[in-house]
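K.L.:
One structure coming up, written as structure tokens, with questions to follow.
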Amino acid sequence: MDGVKFLHGMQIPPEHHLRIAEEVSRMTREYQGIMLVKAPAEIMPQLKKEATVAAVIERPEGLELVGFVTLWDLKVEGVLELGTLGVFSQYQGLGIGTELVRIALTLNGKHRIIATAKTSKAITALIHGGMAMWDFTSLPLAIRATTCCCSGELGVDCTKADGACRLLKANWSKKT
Ligand SMILES: CC(C)(COP(=O)(O)OP(=O)(O)OC[C@H]1O[C@@H](n2cnc3c(N)ncnc32)[C@H](O)[C@@H]1OP(=O)(O)O)[C@@H](O)C(=O)NCCC(=O)NCCS
């Protein structure tokens, strides 16, 4: 992780926002099927929020994006969804994904946060970063209906995530 800096939303210089948003969008397309594809325009507003953490390396030509995570507002019961978590392949396995999750959870400790993941690498990073595996059916219906892999099926018979998706939660005990 030498040389990698972790910047939360308020720390990302505005002049880098467009470039970072484009890189995040590229990452989501690279991992299409595992990550939900996002357009730069969807990422831009998130870059101003504490809920976002970017892992970057300072290069003479500018900031190189290495990894990213953000918390999307589900607009239901104050719950946030940790998503758009990714690390470019050449930087994976160095603890960067885990650190992104850890920082995002630490900065947003007053919120209840959920995430869904289907690869063991993502699940491991989320657990090491501070989340716990949970059961879809334990979530209120309104929240289940808004998560990326449960809409329509409410997490009972999830077709979008081919049945492999896992739910993780953080900070839940603070409000229930
Ligand atoms: C999932 C992803 C974000 C993880 O990021 P990463 O930087 O590669 O993950 P980390 O380096 O933090 O963790 C990976 C390894 O470090 C280990 N590790 C990290 N922190 C650790 C800790 N505190 N203690 C022990 N082990 C730890 C993990 O067990 C894991 O080991 P493994 O590679 O042998 O399984 C990344 O692989 C990725 O972008 N994948 C493609 C897109 C994707 O799947 N996104 C998630 C969608 S939900």
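Bear in mind these aren't lab numbers, they're just calculated from the coordinates by the rules spelled out. Since we're looking at a predicted model, the values are computed, not measured. When we count neighbours, we look across all protein chains shown, and the Cβ atoms used for this are built from the backbone with ideal geometry, even at glycine.
K.L.:
Taking 7 Å along the Cα-to-C-beta vector as the label spot, tell me the ARG59-GLU77 distance in nanometres, rounded to one decimal.
P.N.:
4.4 nm
K.L.:
How would you rank HIS111, HIS128, going from fewest to most other Cβ atoms within 10 Å of each one's own Cβ?
P.N.:
So the ranking, lowest neighbour count to highest, is HIS128, HIS111.
K.L.:
A further question follows. Taking 23 Å as the cut-off for C-alpha to C-alpha distance, list the pairs among LYS49/LYS118; LYS49/LYS169; LYS38/LYS121; LYS48/LYS75; LYS5/LYS75 that go past it.
P.N.:
LYS49/LYS118; LYS5/LYS75
K.L.:
So what is log10(I(q)/I(0)) for the chain at q = 0.08, 0.17 1/Å, when the Debye sum runs over its Cα atoms only?
P.N.:
-0.23, -1.05
K.L.:
Between LYS118 and LEU18, what FRET efficiency comes out of the Förster formula 1/(1 + (r/R0)^6) with R0 = 35 Å and r the beta carbon distance, rounded to 0.05?
P.N.:
Efficiency, from the Cβ-Cβ distance: 0.70.
K.L.:
Under 16 Å Cα to Cα from LYS110, which aspartates and glutamates show up? Leave out anything in the same chain fewer than 8 places away.
P.N.:
Candidates past the 8-residue exclusion: GLU50, ASP73, GLU77, GLU81.
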